[in-house]
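J.: Supplied in structure tokens, the structure appears directly below.
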Amino acid sequence: MAKTVKTTAVKTGTKIAKPKPVSPPSSLVLKLGAPGMTPMHRAGLGGLAATLFAFERSEKKRPPDFNWSITPTELTLDFGKPENAKPFFEWLFSFAFQIKDELIYLPGQYGKIPPIEVRARLQQGITLTFLQHGQTRKLGEEKTVSYDFEDKKIEFTYKTCLSYTHQTAWKEWVNNKGELVIKDYDVQGPVNPGAVVRHVAFTSSTKVSQPLELVLPLQFALAGTLSLPINRAVGVLVLPYIQDLVEFAKRRSDMTPMSIKDTFVAGTGDAVLQMEIRQRGKSAIKKAKAAGGDAISFRPMPWSTQQKSRSEILSVSNLDKELLAFYNWVLSYLHPRLVKKVTEIKQGRGKNAVTSEKIEYYWTDNVVRPFIANNLVQGKYWFAGFVRFANSNDPASGKPFWEKIKYERKGLSDMVNDEKLDWKLDGARSLVLAVQEALRGCYGKVGSDKNVSDTGLKNRFKGEYEKWRLAFAGSKTPEQFRFSLGDMFSRGKTKKDSELKTNWEKITRLIMQDWQLARDLALIGLASYKGKETDTQDDNALTNDQD
């Protein structure tokens, strides 16, 4: 039987040493590569550097005893004495987070001040990402103003902003003596969207807390990142990759749109590429590769309809100049456009009734461009997966993207028929043009019946178009697709010098090598079909619904 050994605790008389209190500092050193620095922290540190650069550009007098220095990898804030921390941060935050024209105003984001319509869009993006919750910002009444764009007067409405949480965040960091309190502080959504308590029953163990050296950069992420709305309920946040604080601070303003047209983004890939294109336009950063960044989309989710949750995260790095140049070329065709809305207004009754027209313009963005952007950042052909994309539903409306693609026919047609377009796949352009020629021939047969009314002819054109769309989009096997494509080619009238006859070998080789890519191209051929000036019947069959 084993013996039981009795143990007795022995008092050694040694006292546990208490940690010495940390003396309040008179300066802070923030390092780009310090432990715990995520892309959001680094973007925030870049925003702080850009804000200090903006103050120096303003030629305002620097407060006495307040100094700072910025190197490529670290930023030092020096407020002279520990008790000067309070006036230093009060001054810094009052400059960094302002309100002008009843809109959020961030000097660190600007070179030249953007026009009011641009800043209204930027504020909308911020309230969809950083400042979602009502307690993080105080909004006022709606205000309607107008601006001119290409000789058109456009009205827009925005909510005025009275205050936001970033303006007074520093108060938590100082004590009654004005000194910094060195401890861990809670990190929440207003400075790092998505950093929330995971479970209210386990708040202490699921919340995010960090030291001041990490919390301070997060406060300036509002200035270092770029937030833009996709629509009323969805926003996208772009976090640039920062490798040099000085270089970023000098070019931060290049990220910010200066035209209302540039504030429209339609997805994460689109947002990153547009950001890099704006920066690429400056000679200081014309390098072989662009650093890239992270893009995060926020939208209401089924489990949280009141708040916007992170729905997609895209990381893009080392973007070469050829890719950015190509996407900039795509933007010239697939850009946001103004839509004219005419409303009849009747005044009076009977013989005295007067009818007038009210003309309004509103912006609508292209739905094909974000599809191309996501393909490019993933290293795919720009047209890869077009069938799957066209058949999928738009999260905003719940309708298939195909219903919106047909309204972008002109831009898409101009792009795919431009000889400068590099398809990067032998036979791709020939297949698209061959489908367009075959569709024109099919329309010619439909329009040859002279005993059909204009309305009946229009419906027949629509039916012909829809027949081939369903044939291509519904092909699930190589055999089904080849049969549908061959059927179309056999029915469409082709000339001796047609694309099909001239480049038959290229087209056949492509179909045999990758039938799914060929199917994508065939559907692009349909989506981009644009009738000649003489083909009024089939052209109107696709355009009347857009008016």
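The values are calculated or read from the model by the stated rules, or taken from the named source; none is laboratory data. Because the structure is a prediction, the values reported are computed rather than measured. Glycine also receives a Cβ, built like all others from the backbone with ideal geometry; neighbour counts cover every protein chain displayed. Note: accessible area is taken over every heavy atom of the protein model, side chains too, but ligands, DNA and RNA are not part of it. Shrake-Rupley method; radii C 1.70, N 1.55, O 1.52, S 1.80 Å.
J.: What aspartates and glutamates sit close enough to K61 to cross-link, taking a C-alpha to C-alpha distance under 17 Å and skipping anything fewer than 8 places away on the same chain?
T.: List returned: D78, E90.
J.: To test your reading of the geometry: what angle, between 0 and 90 degrees and rounded to tens, separates the Cα axis of helix 39-57 from the longest principal axis of the chain?
T.: Orientation of helix 39-57: about 80 degrees from the principal axis.
J.: Now, a different point. Provide, for q = 0.24 Å⁻¹, the log10 of I(q)/I(0) from a solvent-free Debye sum over equal Cα point scatterers in segment 103-168.
T.: One equal scatterer on each Cα of segment 103-168 leads to -1.13.
J.: While we're here: Can you give the relative contact order of segment 28-91 as a percent, counting alpha carbon pairs under 8 Å and 6+ residues apart?
T.: It comes to 38 percent, rounded to a whole number.
J.: How would segment 343-410 be classified by its alpha-carbon gyration tensor: rounded, prolate or oblate, with rounded meaning a/c under 1.5 and the a/b versus b/c comparison settling the rest?
T.: Here segment 343-410 falls in the prolate category.
J.: If r is the Cβ-Cβ distance from V339 to T73 and R0 is 45 Å, what FRET efficiency results, to the nearest 0.05?
T.: Once rounded, the FRET efficiency stands at 0.40.
J.: Accessible area per residue for the chain in Å², computed with a 1.4 Å probe and the full protein assembly in place, what is it?
T.: With the other protein chains kept in place, the chain gives 52 Å² per residue.
J.: Please compute the contact order of segment 57-128 in relative form: average sequence separation of alpha-carbon pairs under 8 Å and at least six residues apart, divided by the residue count, as a percent.
T.: Over segment 57-128, the number comes to 16 percent.
J.: Here is a follow-up. As an exercise, use a Förster radius of 45 Å and the Cβ-Cβ distance of K501 and T364 to find the FRET efficiency, rounded to the nearest 0.05.
T.: So, using R0 = 45 Å, E works out to roughly 0.70.
J.: Note the count of lysine pairs whose C-alpha atoms are less than 26 angstrom apart in segment 324-457, limited to pairs 8 or more residues apart or on different chains.
T.: The result is 26.
J.: Only helical DSSP H runs with n ≥ 4 go in: add -39500 (n - 2.57) per run for the chain, normalise by residue count and round the 222 nm mean residue ellipticity to 500 deg cm²/dmol.
T.: -11500 deg cm²/dmol
J.: Can you tell me, using C-alpha contacts under 8 Å and at least 6 residues apart, the relative contact order of segment 260-396 as a whole percent?
T.: After rounding, I find 23 percent.
J.: For a quick check of your reading of the filter: which trypsin sites (Lys or Arg not before Pro) in segment 100-181 sit in a DSSP loop and have no more than 14 other Cβ atoms within 10 Å?
T.: Passing both the DSSP loop test and the Cβ count: K112, K177.
J.: When 1/r is averaged over all different Cα pairs and the result inverted, which Kirkwood radius in Å belongs to the chain?
T.: Taking the inverse mean of 1/r over all distinct Cα pairs, the chain comes out at 27.3 Å.
J.: When the accessible area of the chain is split by element with a 1.4 Å probe, what percent falls to carbon and sulfur?
T.: For the chain, the apolar C and S fraction of the accessible surface comes to 49 percent.
J.: Specify whether the C-alpha gyration tensor of segment 41-188 places it in the rounded, prolate or oblate class, a ≥ b ≥ c being the square roots of the eigenvalues: rounded for a/c under 1.5, otherwise prolate if a/b is larger than b/c and oblate if not.
T.: Prolate shape, in that a/c is at least 1.5 and a/b is the bigger ratio.
J.: To continue, here is another question. Name the residue from V330, W303, T263 whose Cα lies farthest towards the positive end of the charge dipole of segment 246-399, charges +1 on Cβ of Lys and Arg and -1 on Cβ of Asp and Glu.
T.: Of the candidates, T263 comes out farthest on the positive side.
J.: Further, regarding this structure: May I have the convex hull volume per residue, in Å³, for the Cα set of segment 324-464?
T.: About 184 Å³ per residue, rounded to a whole number.
J.: Based on Cα coordinates alone, diagonalise the gyration tensor for segment 280-365, multiply each eigenvalue by 5, take square roots, and list the semi-axes in whole Å, largest first.
T.: With the √(5λ) rule applied to segment 280-365, the semi-axes are 45, 24, 9 Å.
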